[in-house]
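Asks: Please see the structure below; I have some questions.
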């Protein structure tokens, strides 16, 4: 099956919303689980469509992020980062990907195996993931050569490129509780801005 860029963006938008579904939380929970999402665009993008015009509290969100408007008070958007570290025995594309979320000063091959560092998403999963059904969910679209998520310096985390398998991982075999709509309606973050 061949996917168009529009199909991928539509699917990615839907996938961003999935972690916010309260159907997976127990009705007795005092507050929704903590969530973190990282979006990486490796082939270039129209930066103005992603990046807010000004630093500080978010005003009007850029076009690609507008679906997140109801949650903008809970968002932290980080941009303008640079990771010019070294890549011993790797090409520039590889080492840039390996360093992207790790902050490691270099990526290198040791006995044919790439070493980078723990990535921020996996550090967060280790810190708060035990409170969630899935501590970490990695979704990707490109080949499996470049890894962004690392559990440890020598443990890259594979990503899933098939949306059906991602959905199955999240929901197959689980009893999904009916969401507590009263709690959702009364929640200040549930109201559109």
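Asks: Could you grab me the full set of residues in region 143-169 that are loosely packed, with under 13 Cβ neighbours inside 10 Å and part of a loop (DSSP other than H, G, I, E, B)?
Replies: Within region 143-169, 143, 144, 145, 158, 162 qualify.
Asks: Still on this model: Can you report the number of residues in region 106-132 which are surrounded by 13 or more Cβ atoms within 10 Å (Cβ to Cβ) and assigned to a loop (DSSP other than H, G, I, E, B)?
Replies: Matching residues across region 106-132 total 5.
Asks: Which of the following residues is surrounded by 13 or more Cβ atoms within 10 Å (Cβ to Cβ), modelled with pLDDT of 80 or more and not in a helix (DSSP H, G or I): 70, 52?
Replies: Step by step, each of 70, 52 is checked, and only 52 is surrounded by 13 or more Cβ atoms within 10 Å (Cβ to Cβ), modelled with pLDDT of 80 or more and not in a helix (DSSP H, G or I).
Asks: Quick check: anything in region 90-105 at pLDDT 80 or above, surrounded by fewer than 16 Cβ atoms within 10 Å (Cβ to Cβ) and in contact with a helix residue (DSSP H, G or I) (Cβ under 9 Å, 6 or more places away or on another chain)?
Replies: The answer is yes, given that some residue of region 90-105 is at pLDDT 80 or above, surrounded by fewer than 16 Cβ atoms within 10 Å (Cβ to Cβ) and in contact with a helix residue (DSSP H, G or I) (Cβ under 9 Å, 6 or more places away or on another chain).
The values are calculated or read from the model by the stated rules, or taken from the named source; none is laboratory data. Note that this is a predicted model, so its numbers are computed, not measured. No Cβ is skipped: glycine too gets one built from the backbone with ideal geometry, and neighbour counts run over all protein chains shown.
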